[in-house]
Amino acid sequence: MSTGNATFSGSIAVPTAREKAYLLRACLIWGLAALFYFYDNLLQVSPSAMKPELSLAFARQAEQFGSLSAYCLYAYGLMQIPAGLLMDRFGPRRILTLACAFCSIGSLIFGIATTLVEAKIGRVMIGIGASFAFVGCLKIIGQWFPAKRFALVAGLTVTIGFLGAAFGLSMVTGVVETFGWRHSMLYGGVFGLVLSIFLWSIIRDKSTLEEDDFNSDLLTKSSQTAHKIFQGLLEVVKHKQTWIAALYAGLMFVPTLAFGGLWGVPFLVEAHGFDRASAGLCISLIYVGWMCGCPIWGFISDYIQRRNLPMLIATIITLLNCIAVIYLDHLPIQILGTLLFTLGFFSSGFLLAFAVIQESNRRETAGTAIGFTNALNTLWGALAQPVIGKILDLNSVVVIHQETGERIFNLAQYQEALLFLPIALALSLGLLCFLKETNCRPISN
C-alpha cells in the first residue's frame with residue numbers, strides 16, 4: 001500500500017478512487033461529530049439570551065444567574081479528563097452517542113424545571129454531555145486525517161462549533177420571544193435525541209474499518225487496560241509543557257466564556273442601552289470572529305511551521321481588544337462590532353495550544369492530554385462567570401427591574417467587574433514565555 005499512502009499524504013497529485021471514498025467518509029464522520037459540537041455550544045450560551053426570563057424564574061441576583069450558567073461549565077470542566085480517558089478506551093462512536101443523549105435529556109429537564117436546583121441539574125447534564133464533543137472531534141481528526149492537517153481541521157471544527165454559539169446569541173432571543181424559553185429548551189432536547197440516533201448510525205471508530213492501512217500509526221489500541229489508562233493520565237499530569245499550554249489556553253479562553261458566553265449581552269443592554277436582539281447580534285460577532293479565525297490561525301501555523309509566534313500575536317491583540325471593548329465609552333456601533341469581531345478572531349489563536357498538546361504527548365495519551373487541557377479551559381470560565389456576578393452584586397447602588405425583578409447595573413459597575421478579563425489575558429501572555437516551540441512536529445517529553 002505504499003503507493004496509496006503516498007497518494008493520500010500528498011506526494012502524488014491525483015488521489016485514487018479508493019482514497020477519495022476514504023476522504024469522503026472521513027469528512028462525513030467528522031462533520032457529524034462537529035454538528036454535535038455546534039449543538040452543545042448553542043445549549044451552553046443559551047442562558048445569555050434568557051436573562052430576564054431566568055431571573056424571574058430562578059435567579060434574581062447576578063451571582064445566582066452566573067452560577068446557574070456556570071453549573072454547565074463546572075460539569076464540562078470536571079468531565080474533561082474522564083472524557084479523554086473514555087474516548088481513548090471506547091472510541092468516539094459509543095461515547096459521542098451517549099454524550100449527545102445526555103445533552104438532550106439535560107435540555108428537557110431544564111425546560112420543565114420549576115426550582116433553581118432542578119434547573120442546575122439540567123445544566124449539569126448538558127455540561128456532562130457537552131464535555132465529550134470537542135474531545136471526540138479531535139480524536140476523530142487524529143484517527144482519520146493526516147497529522148499535518150490536524151491544526152487546520154481542528155480549526156474548522158471550532159468554526160462549526162462556534163457557529164452554534166453565534167446562532168445561540170443572535171437567534172435564540174427571537175425564538176424565546178416567540179415560543180417562550182421553556183418550549184425553546186424542549187425543542188432543543190428533541191433535536192438532540194434525533195442527532196444521537198444519527199451519531200450512532202453513521203460514526204465508525206477507525207479501528208473497526210477496512211481502511212486501517214491508511215494512517216494506521218494514528219490508531220488507538222482498544223485493548224488498553226485500566227492500569228495503562230491511568231498510567232497515561234499520570235504521564236500527562238507530570239508533563240510540564242502540558243501544564244503550561246493548558247493554563248495558557250484556559251486563561252486565553254476566559255473572555256469568550258465569561259463575556260461572550262454570558263455577560264456580554266447584559267453588559268450591552270444594561271450599560272449601553274441596547275435592546276436584547278441588537279445586543280445578541282453584536283456579541284455573536286465574537287463567535288463569527290472565532291469562526292473566521294480558527295482555520296486561518298491553523299493554516300498560518302502549519303504553513304510557517306511555528307506555534308508560539310502566532311499565539312503571541314493573537315494574545316497581545318486579544319488583550320488590547322478586550323480593554324477597548326470594556327473601557328471605551330460611547331463607541332459607534334460599527335466600531336464596537338469591529339472590535340467584537342476582532343476580539344473573537346484573535347482569541348481563536350489560542351486553539352494552537354491544542355496542537356502543541358497533540359505534539360508534546362504520545363499518540364496513545366493524546367485524548368487524555370486534550371481532555372486535561374479542555375478541563376482547565378472550562379474551569380477558568382466557570383470560575384469567571386459567578387465571580388463577575390458576585391462583584392456586580394457587591395456594588396452598593398443597585399437598580400431592580402420592575403417587571404423581571406432582575407438587578408440592573410451601570411457601566412462603571414460592569415467595568416469594575418469585567419477587569420477580571422484583561423487580568424486573565426495578561427497572565428496568559430506571561431505563560432507563553434515558558435512554552436516550548438514544537439515547530440509543528442512531535443517532540444520528546
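The values are calculated or read from the model by the stated rules, or taken from the named source; none is laboratory data. Quick caveat, the model's predicted, so the values are computed rather than measured. Cβ sites come from the backbone with ideal geometry, for glycine too, and all protein chains shown count toward neighbours.
Inspect all residues belonging to region 315-325 and state whether any of them is under 22 Å from Phe420 (Cβ atoms), out of contact with any helix residue (DSSP H, G or I) (no Cβ under 7 Å at 6 or more places or on another chain) and without any contact (Cβ under 8 Å) to a residue 40 or more places away in the chain.
Among the residues of region 315-325, at least one is under 22 Å from Phe420 (Cβ atoms), out of contact with any helix residue (DSSP H, G or I) (no Cβ under 7 Å at 6 or more places or on another chain) and without any contact (Cβ under 8 Å) to a residue 40 or more places away in the chain, which makes the answer yes.
Could you tell me which numbered condition Ser55 fails, if it satisfies all but one of (1) touching an Asp or Glu at 6+ places or on another chain (Cβ under 7 Å); (2) free of Cβ contacts under 8 Å to residues at least 40 places away in the same chain?
(2)
Among the listed residues Leu86, Leu96, identify the single one that is of a type in the set (A, V, I, L, M) and either modelled with pLDDT under 90 or not in a helix (DSSP H, G or I) (or both).
Criteria check complete, one pass: Leu86.
For every residue, the table says whether it meets (1) part of a helix (DSSP H, G or I); (2) at pLDDT below 85; (3) of a type in the set (Asp, Glu); (4) buried (at least 22 other Cβ atoms within 10 Å of the Cβ).
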position	(1), (2), (3), (4)
Ile105	yes, no, no, no
Ile109	yes, no, no, no
Ile126	yes, no, no, yes
Cys137	yes, no, no, yes
Phe150	yes, yes, no, yes
Phe162	yes, yes, no, yes
Val175	yes, yes, no, no
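Restricting attention to region 83-101, and to residues there that are among the small types (Gly, Ala, Ser) and within 10 Å of Ser196 (Cα to Cα), which single residue is surrounded by the fewest Cβ atoms within 10 Å (Cβ to Cβ)?
The residue in question is Ala101.
Check region 195-211 and report whether any residue there is at pLDDT 90 or above and surrounded by fewer than 14 Cβ atoms within 10 Å (Cβ to Cβ).
Looking through region 195-211, at least one residue is at pLDDT 90 or above and surrounded by fewer than 14 Cβ atoms within 10 Å (Cβ to Cβ).
Tally up the residues in region 396-445 that are touching a Pro at 6+ places or on another chain (Cβ under 6 Å) and modelled with pLDDT under 60, please.
Of the residues in region 396-445, 1 are touching a Pro at 6+ places or on another chain (Cβ under 6 Å) and modelled with pLDDT under 60.
Scan (1) hydrophobic (A, V, I, L, M, F, W, C); (2) under 17 Å from Thr157 (Cα atoms); (3) touching a Lys or Arg at 6+ places or on another chain (Cβ under 7 Å) for the single condition Met87 breaks and write down its number.
Just one mismatch for Met87, condition (2).
Could you tell me which numbered condition Val117 fails, if it satisfies all but one of (1) more than 30 Å from Leu54 (Cβ to Cβ); (2) surrounded by fewer than 22 Cβ atoms within 10 Å (Cβ to Cβ); (3) of a type outside the set (Gly, Ala, Ser)?
Only one criterion in (1) more than 30 Å from Leu54 (Cβ to Cβ); (2) surrounded by fewer than 22 Cβ atoms within 10 Å (Cβ to Cβ); (3) of a type outside the set (Gly, Ala, Ser) is unmet by Val117, namely (1).
Would you confirm, using the coordinates I've provided, whether Tyr287 is modelled with pLDDT of 90 or more, aromatic (Phe, Trp, Tyr), buried (at least 16 other Cβ atoms within 10 Å of the Cβ) and within 17 Å of the chain's Cα centre (by Cα)?
Considered against the rule, which asks whether it is modelled with pLDDT of 90 or more, aromatic (Phe, Trp, Tyr), buried (at least 16 other Cβ atoms within 10 Å of the Cβ) and within 17 Å of the chain's Cα centre (by Cα), Tyr287 comes out as no.
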